[in-house]
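What follows is one structure encoded as structure tokens, with my remarks underneath.
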Amino acid sequence: MRVMVVRCWLIYLILHLIDKGSLQDPLEIEGVVGDSVILPCSYKERVLNPDERNVFWRYNTHKNVYDIEKGKEVTEDQDAVFKDRIESFPLEYKNGNFSIKLNHLRFTDNGEFFCYISKVERQYNLRLTVRAPPPTLSPPKPTADSRSSSMKTQQDGIVNFLIAVLEFFVLHYF
Ligand SMILES: *[C@@H]1O[C@H](CO)[C@@H](O)[C@H](O)[C@H]1NC(C)=O
């Protein structure tokens, strides 16, 4: 009986580990609304021939973000959401760098992107989080008014204290 339980646990553990290994965690990328962000995608294992430079960028598995076919940008099937917002770096293709730049970030860009390099069957997953710009509040400066009023209350405090001391003496000694 105990052997069975241990065996079940081992099988569970092994399946769990296999699952973890095959499910590559997406790379977390953060950007600010209105700004730009680089979505990295690099293949470094070997140099790809120009004919092998086929790369498919997708958003939330299906939306066409950007395609590179035999080292040339193809935007015919690009989703309208990404129109005129993507830059790539053609001089980097020969280095296996198919990163793209997404401009004018919107909250609706939140989600998963992937870059699929078909000839080597390699997929890189990214998760983009778009944040609001940080507030640009400057710390409040003390105004002349608040300074003089705080000085006044301090003076009032001293006066009240002296009066109280005087009263104490007057009441106890006279
Ligand atoms: C790929 O190219 C982009 C744009 O020039 C650059 O920002 C990025 O650092 C490059 N990535 C690598 C791994 O070289």
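For residues in the stretch 61-110 being open to solvent by 80 Å² or more (accessible area, probe 1.4 Å) and in contact with a helix residue (DSSP H, G or I) (Cβ under 9 Å, 6 or more places away or on another chain), which is farthest from the ligand (Cβ to nearest atom)?
T108
For the stretch 73-174, please list each of the strands (runs of 3 or more DSSP E) lying entirely inside it that holds at least 1 residues being among the basic types (K, R), at pLDDT 85 or above and within 22 Å of K44 (Cβ to Cβ).
On the way: elements: 86-88, 100-102, 111-117, 122-131.
Result: 100-102, 122-131.
Keeping to the stretch 34-72, report how many residues are part of a strand (DSSP E or B), farther than 20 Å from F107 by Cβ and out of contact with any Asp or Glu (no Cβ under 8 Å at 6 or more places or on another chain).
4
For a quick check of your reading of the model, give me the residue pairs whose first member lies in the stretch 85-108 and is closer than 11 Å to W57 by Cβ, whose second is open to solvent by 20 Å² or more (accessible area, probe 1.4 Å) and assigned to a helix (DSSP H, G or I), with beta-carbon atoms closer than 8 Å and at least 6 apart or on different chains.
As it stands, the answer is F98/E92; S99/E92, since those pairs meet every condition given.
For Y116, state whether it is over 16 Å from T129 (Cα atoms) and within 15 Å of the ligand (Cβ to nearest atom).
Values: over 16 Å from T129 (Cα atoms): yes; within 15 Å of the ligand (Cβ to nearest atom): no.
The answer is no for Y116.
Would you point out the residue of the stretch 43-60, among those that are open to solvent by less than 40 Å² (accessible area, probe 1.4 Å) and closer than 22 Å to L128 by Cβ, that is nearest to the ligand (Cβ to nearest atom)?
Start the filter on the stretch 43-60 by keeping residues that are open to solvent by less than 40 Å² (accessible area, probe 1.4 Å), which leaves 43, 48, 52-55, 57, 59.
Next, only the ones that are closer than 22 Å to L128 by Cβ stay: 43, 55, 57, 59.
On the way: Y43: 10, V55: 13, W57: 14, Y59: 19 Å.
So, considering only residues that are open to solvent by less than 40 Å² (accessible area, probe 1.4 Å) and closer than 22 Å to L128 by Cβ, the one nearest to the ligand (Cβ to nearest atom) is Y43.
The values are calculated or read from the model by the stated rules, or taken from the named source; none is laboratory data. Owing to the predicted nature of the structure, the values given are computational and were not obtained by experimental measurement. For neighbour counting, all protein chains shown are included, and Cβ atoms are generated from backbone atoms with ideal geometry for every residue, glycine included. Ligands, DNA and RNA are stripped out before the accessible areas are found, and what is left, the full protein with its side chains, is counted by its heavy atoms. Shrake-Rupley method; radii C 1.70, N 1.55, O 1.52, S 1.80 Å.
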